[in-house]
Amino acid sequence: EAQVTQNPRYLITVTGKKLTVTCSQNMNHEYMSWYRQDPGLGLRQIYYSMNVEVTDKGDVPEGYKVSRKEKRNFPLILESPSPNQTSLYFCASSTRAASYNEQFFGPGTRLTVL
Amino acid sequence: AQSVTQLDSQVPVFEEAPVELRCNYSSSVSVYLFWYVQYPNQGLQLLLKYLSGSTLVKGINGFEAEFNKSQTSFHLRKPSVHISDTAEYFCAVPWNTGFQKLVFGTGTRLLVSP
């Protein structure tokens, strides 16, 4: 089954404790992206990647890191999480032309930073 | 940079009634436009998209949208909603021509009651 998977689905952590949210897709997509969803703000893009070793900042990259060492994986790293990073996070992927092709979304990761 | 505005944060409607969810975009260039739906506790999935051609676009689950260039709108409609249509709906547009980045609206929550 074609899908985007994220782990963990739920995470409660404390300020400053490094964490990684994994994202993997099995559709051989070049483009992958991370979004955060907050009430009243919709989805905002954190980082995106056009292909292996090619990443770029989205609208809200501060406090986040990403890497794209393999085509299928695009982990999101929070080196020192803070309470304002409490949010619902989505990973998405699409074929190269993301501006006019469908993006496939993972099920989401709900992160709480205390 | 392009942007989208969803004027209604929440739309309550009774089952079998028609519904229209509004989306306005800002752009002076050719646009691609998308509607995504997020069912409770799930990721987003594509409802429909406009790239070119006919201004009336049909999507999944009986939804359709009309691209109106003069009014810079892309409103989503359904003639008769079901309880199962209860979800959050997002309008999206590429950030700029040639950029592989989508900008999402703040979302409209459709609440269908019996």
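All of the numbers you see were taken from the coordinates with simple rules; none came from a lab. Since this is a predicted model, take the numbers as computed values, not measurements. All Cβ positions, glycine included, derive from the backbone under ideal geometry; neighbour counts span all protein chains shown.
For chain B, modelled as a GNM whose springs connect Cα atoms under 10 angstrom apart, the maximal fluctuation among B:74, B:34, B:90 occurs at B:34.
When the protein assembly as shown is described by a simple charge dipole with +1 on each Lys and Arg Cβ and -1 on each Asp and Glu Cβ, the residue from A:32, A:106, B:24 located farthest towards its positive end is A:32.
Fewest neighbouring Cβ atoms within 10 Å first, the residues A:50, A:32, A:27 line up as A:27, A:50, A:32.
Taking neighbour counts of Cβ atoms within 10 Å as a proxy for exposure, in what order, fewest first, do A:43, A:78 appear?
Details: A:43 26, A:78 21.
The fewest-first ordering by Cβ neighbours comes to A:78, A:43.
Just counting partner chain Cβ atoms within 10 Å, what average do the residues of peptide A:102-108 show around their Cβ?
5
Given the pairs A:17/A:71; B:58/B:101; A:57/B:101; B:49/B:101; B:78/B:101; B:49/B:69, which span a C-alpha to C-alpha distance of over 22 angstrom in this model? Numbers along the way, then the final one.
Working: A:17/A:71 27 Å; B:58/B:101 24 Å; A:57/B:101 10 Å; B:49/B:101 15 Å; B:78/B:101 28 Å; B:49/B:69 15 Å.
Correct reply: A:17/A:71; B:58/B:101; B:78/B:101.
Shielding of peptide A:49-60 by partners, expressed as the average count of other chain Cβ atoms within 10 Å per residue Cβ, is 1. Based on every Cα atom in the protein assembly as shown, Rg and the maximum pairwise Cα distance Dmax equal 17.5, 52 Å.
Please state, rounded to one decimal and in Å, the Kirkwood hydrodynamic radius that the range B:45-86 gives when every pair of distinct Cα atoms enters the mean of 1/r.
Numbers: mean 1/r = 0.0900 Å⁻¹.
One over the average 1/r among Cα pairs gives 11.1 Å for the range B:45-86.
Across q = 0.15, 0.20, 0.22, 0.23 Å⁻¹, chain A modelled as identical point scatterers on its alpha-carbon atoms has Debye log10 I(q)/I(0) values of -0.58, -1.04, -1.25, -1.35, in the order of the q list. Expressed per residue, the C-alpha convex hull volume of chain B stands at 95 Å³.
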